[in-house]
Amino acid sequence: MMFKGKVVAITGAAGGIGQSLCRHFAAEGAAIAAIDKSPAVADFAAELKAGGATVTQAVADIGDIQQVKTAFEKLGPVDVLVNNAGFSEHPTFAKTDPEAWAYDLNGNLNGAYYCAHAVIPAMKAKGGGSIVAIGSVNGISGFGDPAYSAAKAGLIS
């Protein structure tokens, strides 16, 4: 098993892609640290545990640095971070006022940074680790969702 003995943290774990990532890494032997702003992450973690996976979970809005710190203190050191969480609530530029722009950018770009910043010290202490950021085609072309697209372009960069 490729990830046996490793802890893989996945943000946006209660969503479709997040659940698939959790299942994949659990099948590869990883212990899963599931993070999501939705309390549904607890039910999903229980489902994984019932299937034999080792899972810890935390409810946290990754756009809130204090919630990120608290979540990773609870989850402990990780070997792999998958910054998967993402959302778009403002589909057009006309519907994106400055507050909406800041909200979407914070949750999609700053949140990934906050999580990476939280795990790096323990990874350095262990002598390594991996951080994966999930981008989007929106980050390389115009498909609407301007703040989401800008955030994903930031992740790609």
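Overview of values
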quantity: Chymotrypsin sites (Phe, Trp or Tyr not before Pro) within segment 41-114: DSSP coil, no more than 12 neighbouring Cβ in 10 Å; calculated: 93
quantity: Gyration tensor (Cα) of segment 1-52, equivalent ellipsoid semi-axes in angstrom; calculated: 18, 11, 9
quantity: C-alpha long axis of helix 40-50 to longest principal axis of the chain, angle in °; calculated: 30 degrees
quantity: Amide H contacts under 5 Å for residue 82, placed H, 5+ residues apart; calculated: 9, 10, 11, 132
quantity: Over 29 Å between alpha carbons, listed pairs 4/152; 6/152; 74/126; 49/152; calculated: 4/152; 49/152
quantity: Cα centre as origin, Lys/Arg/Asp/Glu Cβ charges: the chain dipole, Debye; calculated: 620 debye
quantity: For segment 111-117, 3J(HN,Hα) per residue [Karplus equation, 6.51 cos²θ - 1.76 cosθ + 1.60, θ = phi - 60°, Hz, x = Gly/Pro]; calculated: x, 5, 5, 4, 5, 4, 4
quantity: Placed amide H near residue 30: partners under 5 Å, 5+ positions off or other chain; calculated: 3
quantity: Relative contact order for segment 1-87, counting Cα pairs under 8 Å that sit 6 or more residues apart, in percent; calculated: 36 percent
quantity: Excluding exposed DSSP-loop trypsin sites (Lys or Arg not before Pro) (at most 14 other C-beta within 10 Å), longest clean stretch of the chain; calculated: 5-94
quantity: Calculated SAXS-style log₁₀ I(q)/I(0) at q = 0.16, 0.17, 0.18 Å⁻¹ - segment 112-157, Debye, Cα scatterers; calculated: -0.51, -0.56, -0.59
quantity: Dipole of segment 79-157 [Lys/Arg +1, Asp/Glu -1 at C-beta], most positive-end residue of 87, 156, 106; calculated: 156
quantity: Under Karplus coefficients 6.51, -1.76 and 1.60, residue-wise ³J(HN,Hα) of segment 16-28 in Hz, glycine/proline x; calculated: x, 5, x, 4, 4, 5, 4, 4, 4, 5, 5, 5, 8
quantity: Over segment 10-157, relative contact order from alpha-carbon pairs under 8 Å, at least 6 apart, %; calculated: 22 percent
quantity: Portion, in percent, of the accessible area of the chain that falls on carbon or sulfur, probe 1.4 Å; calculated: 59 percent
quantity: Per residue accessible area in Å² of segment 106-157, where ligands, DNA and RNA are left out and the probe is 1.4 Å; calculated: 51 Å²
quantity: Heavy atoms of residue 97: accessible area, 1.4 Å probe, square angstrom to 10; calculated: 80 Å²
quantity: Degrees separating the helix 65-75 axis from the principal Cα axis of the chain, which is the longest one; calculated: 20 degrees
quantity: Convex hull volume per residue in cubic angstrom - Cα atoms of the chain; calculated: 106 Å³
quantity: Modelled FRET efficiency - R0 25 Å, residue 43 with residue 99, Cβ distances, 0.05 increments; calculated: 0.20
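The values are calculated or read from the model by the stated rules, or taken from the named source; none is laboratory data. Since the model is a prediction, treat every value here as computed from it, not as a measurement. We place every Cβ from the backbone using ideal geometry, glycine too, and count neighbours over all the protein chains shown. Note: areas computed on protein heavy atoms with side chains; ligands, DNA, RNA excluded. Shrake-Rupley method; radii C 1.70, N 1.55, O 1.52, S 1.80 Å.
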